[in-house]
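Worksheet for the structure shown next.
Coordinate-derived values only; no laboratory data. From a predicted model like this one, the values you see are computed outputs, not experimental measurements. Using ideal geometry, Cβ is built from the backbone for each residue, glycine included, and neighbour counts are taken over all protein chains shown.
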Amino acid sequence: MIIIKMKNMIGYIIKTNIISIISIFFLIMHNPALSQITSNRIISDISSSQFYIENNELIRDESTFINFKIFLEEGWHTYWVNPGDSGYPLAIEWELPPGISIGPITWPAPKRLPYGDLTNFGYSNEVTLASSIKVSKEASLGKKSIIAKANWLVCSEICIPEEGEFRLDVSILDKQNQDKSKSNYDHASKKNNLNLPKQLDALPSITQSKDLLTIYIPFKPNLNRDLNSIMEINKINNLKINFFPYESNLIINNSNQEVSILPNIISIKVKTKSDKLINIPISGVITIEDEEKININSFKFSDTIIETSENHKIEKQLKNNSLNLILAFLFAIAGGVILNLMPCVLPVLSLKIISIINKQDIVEARKEAIAYSFGVMISFALLSTILIILKLNNQGVGWGFQLQSAYFVTILSYVMLASGLSLSGVFNFGSSLMNIGSSLNTQNGKFGSFLTGILATVVASPCTAPFMAPAIGYALSENILITLVVFQGLALGLSAPFLLIVFSPPLFKFLPQPGSWMNTLKEFLAFPMYAACGWLVWVGAQLTGSSGLGIIIFGLLLISISCWLFGRRVEGILFKSTINIIIMLFLSLALIIPLNESFNKGSEIDASSLDNDISEEFSQEYLEILLDEKKPVLINFTAAWCITCIVNEKNVLSDNEVLESFKNNGVTYLKADWTKRSKKISKTIESYNRSGIPLYVLYREDGSYKLLNQILTKKGLIREIEKVKLDLI
């Protein structure tokens, strides 16, 4: 970037009037008549600057702040104490009367200022840089002058050094005005520190492994309390966290900083310019911004020694508390196996077993098993890819996210109804969709098995089985490759029963002989599909409201008529063509009508529909209030589309003995409804290293918490509740 002196600048004269207006406003706001001491102003084509003191007098043996305010034209910036890859910070030379001393500049939190491959640290628009000013007991009374010679750099596409000499005329009064001075000092201190980083009361731990620096910052209700409050907000908002070192040439400034929000700790990973920083002290600032890049708060820490990452107590603890890839993969397989027992998946699995029995050919059965497994694996790969893309775009999603879409729920209800009608014999499309019957040729059997694998994945998506939550939570917190691998573990588990039967000759021989009972079982399995369809209609009503419910029912009517027409045996090409046109028209209407813009607008789950529901609506702010009051809390993260959640609420959480236990132990029961997509709730779930529901979090009085089992039992929950006031969690 080219340095051009101010006197050679042409082209910014037009903007001088704007700067002048801002400066006049600034002068008025800092007029001595308004209880301030102000210096002369220096105006350039780019900036306006001035010193001022909030107090209208200085008192012996008292301190206050002297401030340097810079207004900058749009698109221009100046620099922090560590300017980053280029530039330099403000420098001031003081000429002070005897008895007056001024401390170093107290720097507000900066922002990242990217420029090409460079990243600088500094301020745009305006900034106030404060220094403490103290008058000694021996200072002489009367009028005094403070001279400040300042120089600073302002940059945009080009950089311009600016400088100026400023004079402040101050009056020093005696100690007799101490009370007034103290009041002024407190006011000035409070005002000036509003935008200054707060000091962390607990130092972070910092480790280095090769060229990667990791900063661990603890936060709890009783440790780094201000930071804890901000991080509780971070559970419900999409905030950006940055680390700025006070030391120059320490980190690679333009590298992405990897931030992880773990239970009671923030982890920030950043690349360094040197891999030999062990035992070197560093200090810095942590900034927290919202989605609009507005600074929410900032925190600073003083010299902290960099330690080696090997056997570091925090890293060792985090490693012990977290899953590794192998364990997460095994958990995923176990969770996938259990998914087969869920009400929607079990009929699909049963139909595939029927198709195996019908074939009695182990070679063909194995081919179909592989095709089925391939359909499951492709579906899980697609599902995990969508999740990854949404997570990278900061969307609040987790396992079962697709059921937060009213349109997807509607389409899935169509599939369940059509599957049930097929099993009931209304039409015979099942021969290509579910591979039922012996009339299929080999090719259709494989394709039918592949489609069944896709269907099994789709109908399994609302359910969360034991072992799944930690596995998925681990997968979504790691890199893309690990996410894909863990989700394939789920696919393997869901496919496992089918594969086990066909690749284990003793099990295959143990299967019963085909007979008329198969058709009876096939027809009976239609009823779970109808039940699933009815449940999805109810979920859709929670997402869309009463008007949306009418659309869903009308769509189901169109699907039913289409299936009935498809199953009719008709003669004549013209008649068949007419029937096919009507079917296509009805199916198109059923798919298009739910695309209405207002379809997704509706109420959330009606908690009052559950008997004995004493829950209160969850909010992070309310949780903070309860924890501050040292009250135990149970949080139930639920949704209308989560079958396990509804079963737990009906059978356990609304049980009279459980409710009595809540009352006796002073437990506040909060319910977080995730039926419709919510970034707030998604962020909260992620803060517990989970990505799906059900999720039950039990807080004890001291603010610590425990994640309860996903499948609740009455005795187990009461036992945990009775521990909240004891040191047993």
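How far is it, in nm, from the label point at Thr713 to the one at Leu203 when both lie 7 Å from their Cα along the line to the Cβ?
Computed distance between label sites Thr713 and Leu203 equals 4.9 nm.
Could you please rank Leu659, Leu421, placing first whichever residue has the fewest other Cβ atoms within 10 Å of its Cβ?
Ranking Leu659, Leu421 by Cβ neighbours within 10 Å, fewest first, gives Leu659, Leu421.
Check which residues have an amide H placed less than 5 Å from Gly284's amide H, if you skip close sequence neighbours.
Amide H to amide H, under 5 Å and 5 or more residues apart or across chains, Gly284 pairs with Tyr246, Phe301.
Quick one: 3J(HN,Hα) in Hz for segment 644-660, Karplus 6.51/-1.76/1.60 with θ = phi - 60°, rounded, Gly and Pro as x.
In residue order, the calculated couplings are 4, 4, 5, 4, 4, 5, 5, 8, 10, 5, 9, 6, 4, 5, 5, 5, 5 Hz.
Suppose each label sits 7 Å from its Cα in the direction of the beta carbon; what would the Glu621-Lys210 distance come out to in nanometres?
According to this spin-label approximation, the distance is 4.6 nm.
Provide the per-residue ³J(HN,Hα) series for segment 495-500, in order, calculated from phi with Karplus coefficients 6.51, -1.76, 1.60 and θ = phi - 60°, each as a whole number of Hz, with x at glycine and proline positions.
Once rounded to whole Hz, the list reads 7, 4, x, 5, 5, 4.
Can you list residues whose amide H is under 5 Å from Ile265's amide H, if they're 5+ apart or on another chain and H is modeled 1.01 Å from N?
Phe219
Quick check on my link table: of Lys198/Lys269; Lys509/Lys714; Lys367/Lys650, which ones sit more than 32 Å apart, alpha carbon to alpha carbon?
Flagged as over cut-off: Lys509/Lys714; Lys367/Lys650.
Just rank Arg568, Arg60, Arg677, fewest to most, by other beta-carbon atoms within 10 angstrom.
Arg568, Arg677, Arg60
Could you please rank Ile579, Ile46, Ile573, placing first whichever residue has the fewest other Cβ atoms within 10 Å of its Cβ?
Lowest to highest Cβ neighbour count: Ile573, Ile579, Ile46.
Hey, rough spin-label estimate for Leu330 and Ile553, points 7 angstrom out along Cα→Cβ, what's it come to in nanometres?
Going by the 7 Å Cα→Cβ label model, 5.2 nm.
Please work out the FRET efficiency for the pair Ile280 and Asp174, using the Cβ-Cβ distance as r and a Förster radius of 51 Å; give the result to the nearest 0.05.
It comes to 0.60.
Given Lys631/Lys706; Lys300/Lys679; Lys137/Lys175; Lys144/Lys175, which pairs have Cα atoms separated by over 20 Å?
Flagged as over cut-off: Lys300/Lys679.
Classify segment 449-588: rounded, prolate or oblate, from the alpha-carbon gyration tensor (a ≥ b ≥ c, eigenvalue square roots; a/c under 1.5 rounded; otherwise prolate if a/b is larger than b/c)?
It is oblate, given that a/c is not under 1.5 and a/b is not larger than b/c.
Separation of segment 99-162 and segment 652-700 by C-alpha centroid, Å?
Measuring centre to centre over Cα atoms gives 49 Å.
Assuming R0 = 30 Å, can you tell me the calculated FRET efficiency for the pair Glu165 and Lys137, based on Cβ-Cβ distance, to the nearest 0.05? Write down the numbers at each step before the final one.
Values: r = 30 Å, r/R0 = 0.99.
Approximately 0.50, to the nearest 0.05.
Quick check: convex hull over the Cα atoms of segment 607-721, volume per residue in Å³, rounded to an integer?
95 Å³
Treat every Asp and Glu Cβ in segment 614-729 as -1 and every Lys and Arg Cβ as +1, leave all other atoms uncharged, and give the resulting dipole magnitude about the Cα centre to the nearest 20 debye. Mind showing how you got there, number by number?
On the way: 18 positive and 17 negative charges, 85 e Å.
The calculated dipole for segment 614-729 is roughly 400 debye.
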